[in-house]
Structure formats: structure tokens, C-alpha cells
There are 2 protein chains.
Amino acid sequence: MSKGLKQTKSRLLILDVLDKADKPLTAEEIYWLIQNEEDPINLSTVYRTLEVFLNKNIVQIPLMKDGNKASYILNRDEHHHYLVCDKCHTMIKIDFCPFDEFEKQVEQLTSFTILKHKLELFGICPKCQRERK
Amino acid sequence: MSKGLKQTKSRLLILDVLDKADKPLTAEEIYWLIQNEEDPINLSTVYRTLEVFLNKNIVQIPLMKDGNKASYILNRDEHHHYLVCDKCHTMIKIDFCPFDEFEKQVEQLTSFTILKHKLELFGICPKCQRERK
DNA sequence: ATGCAAATGCAAATCATTTGCATCTAAAAA
DNA sequence: TTTTTAGATGCAAATGATTTGCATTTGCAT
């Protein structure tokens, strides 16, 4: 395993689950998905692993929360954002991001060094518009 | 009090504290700020009031969290974003937002109707840069 | 193979937030 | 103004996500 981490079964399983996921997963969701696999793994381990992965920048927590639980995604070093439907919570990825220029302006204005940004868009998806939900 | 709410001392105090604040406040910060004022008020009341205010759109929760506590700001119907220092959590308001054009593009691309967006920038503030914390 | 630092399981602790319930109070009705 | 009552509050206990202490296990460097 990269970044000076021991390669353990739990960590590989968690990475695998996150890799296959098509949406951000909570610690508990990861936990249950792994129960369905071969070897059980403790919920504390999931939390501890996710924290290590966060520190190593292997995973990220996007802005949206599922209730008050944090969700995690693999950091694929692609930069993108999510668009979330307020009605049905459909979540789609937006693959472009025009904010480099904006960040430069803010850096000049504030003297901060900007490291990252999080953006999320909320609206109504086409399906819900049709169904007037 | 507007929006069909009873005008109570707690609610007026909470509104006042939020109005005077120059940054998002957690429920507990609001609670302590009010202890310093004349009349004490219960922490549950702060939480309950904030929830009512949220539903009435009188306050909003910006994206950033102080640790894992939610922060609240008065909804002033101004649109702006926050810049947060990763080290000392200093939080400053950015008063301009260039994303209308971007939203239009995303609407065309996805057929979503976009209602709002949340953006947050993270970096290191000038003070922490100097102190190399 | 051996030793050790790091990882894990388990149970208990933590901490923000919520809730049940008895009491109180703003404001509508009389 | 007094009465009425739905909604607001205080208090203590419950909840639920996340963290932590500690004993045990396991990668992996020697």
C-alpha cells in the first residue's frame, strides 16, 4: 500500500468498496457493504481507516452530508463537483470547474494561500421537473 | 416576529446575537454569548429556535463546520462565500461570486434547474503563513 | 523466523444534537 | 382586561455518530 501504510485486508476492502461506489459513502455504508463480502471488519476500523486515508489524501469528504453523517469518496485527483437534486437527491458529477481564475483573485484580495475549494450545486433534476414532485 | 412565530425573549436574543456576529456561530457559541447578556436561556432552546429559524429560512448553515458542530448565519439574502484557514480556522467572507455563468452552463449541460450553490475555499491565512504553524 | 510498530476488535466514552414531559407565556378569543 | 390555548421553554435523559483506551494481532523490516 502506498504512502507508508501497511497493506491490510481492511484497508484493501475499504478501498475496493470506495472504488466501486458510484456515490459518496458513509462509514456505516462502507461497513455494511463489507459485511456482505467475505471477512467482517469492525466499524471502529472503518472510521480509523478513513481518518488515515483522509490524512494521506486518499479519500475526501465532499460537502453534502447524508443527514449528519460524513460521506467519503476516493480522491481520484480529478477535480469535479456534484449537483444534487433537492427532491430525489439524485447526485451527478460535473466534470469541469472554471474557478482557477476566481481563486487567484481571492488570493490577491485576502493574502490567503488557497489550497482547495468545495462547491456544490443544488436544484431540481429533469425527472423531478417533469413529475412536478 | 415575522413568519407566524411567537415573539419571545429567546428568539429576539438569538436574532440579535446572530445579527451582530461577523462570522457563523455554533449553537453553543450563541448560547454562551447570551449567558453574557441579561437573561439566561437554555441550550435546547437555542437548538430548537435555530431549527425553527432554519425551516423559516431566517438562518442558514454554511458548509463549513467548526469541528463537527453546525454553524449558523442570518439569511440576509446577500450571496457570498467563506474562506476558511485550515490551520487556525479563521473564517472570512468573500463578497463576490462569479458563478452565474457557470450555473447557466451546467443547466444547459444537465437540464437541472439550479436553485443554489454552496462554495467554500480552504487555505492558509496570512497569519498562519507567517507563523509557519 | 523474530521483533516491533502499527493496525484491529471490543466495549466504553465523548460530544453535538434531540426529545419527553411538565410548566410557562405570547397572543388570540371572549 | 381576563380567559384560553397552542406553541415555547427548562431540565434531564436519550440518541446517534464518531472517538478512544487497552489488550491482542498482524504486516513487514531485520
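Brief remarks on what is shown
- In the set A:Asp39, A:Asp95, only one residue is acidic (Asp, Glu), more than 11 Å from the chain's Cα centre (by Cα) and either modelled with pLDDT of 70 or more or surrounded by 12 or more Cβ atoms within 10 Å (Cβ to Cβ) (or both); that residue is A:Asp39.
- Among (1) loosely packed, with under 13 Cβ neighbours inside 10 Å; (2) over 24 Å from B:Leu15 (Cβ atoms); (3) modelled with pLDDT under 70 - the single one B:Gln108 does not satisfy: (3)
- Taking the criterion of being closer than 19 Å to A:Ile73 by Cβ, within 11 Å of DNA strand C (Cβ to nearest atom) and not aliphatic (A, V, I, L, M), the residues of the range A:5-44 that qualify are A:Ser10, A:Arg11, A:Tyr31.
Conditions tested, residue by residue: (1) open to solvent by 20 Å² or more (accessible area, probe 1.4 Å); (2) modelled with pLDDT under 85; (3) in a helix (DSSP H, G or I).
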| residue | (1), (2), (3) |
| --- | --- |
| A:Gly4 | yes, yes, no |
| A:Val17 | no, no, yes |
| A:Glu29 | yes, no, yes |
| A:Ile34 | no, no, yes |
| A:Thr45 | yes, no, yes |
| A:Leu50 | no, no, yes |
| A:Met64 | yes, yes, no |
| A:Asp77 | yes, yes, no |
| A:Leu83 | no, yes, no |
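- Applying a threshold of 7 Å to beta carbon distances and a minimum spacing of six or more residues, or different chains, the list of pairs starting in the range A:44-60 at a residue that is without any contact (Cβ under 8 Å) to a residue 40 or more places away in the chain and more than 14 Å from chain B (Cβ to nearest Cβ) and ending at one that is part of a helix (DSSP H, G or I) and near DNA strand C (Cβ under 9 Å from one of its atoms) reads A:Thr45/A:Ser10; A:Val46/A:Ile14; A:Thr49/A:Ser10; A:Thr49/A:Arg11; A:Thr49/A:Ile14.
The values are calculated or read from the model by the stated rules, or taken from the named source; none is laboratory data. Because the structure is predicted, anything quoted here is derived from the model rather than measured. Please note: Cβ atoms are built from the backbone with ideal geometry, for glycine as well, and neighbour counts cover all protein chains shown. SASA here: full protein model, heavy atoms, side chains in, ligands and nucleic acids out. Shrake-Rupley method; radii C 1.70, N 1.55, O 1.52, S 1.80 Å.
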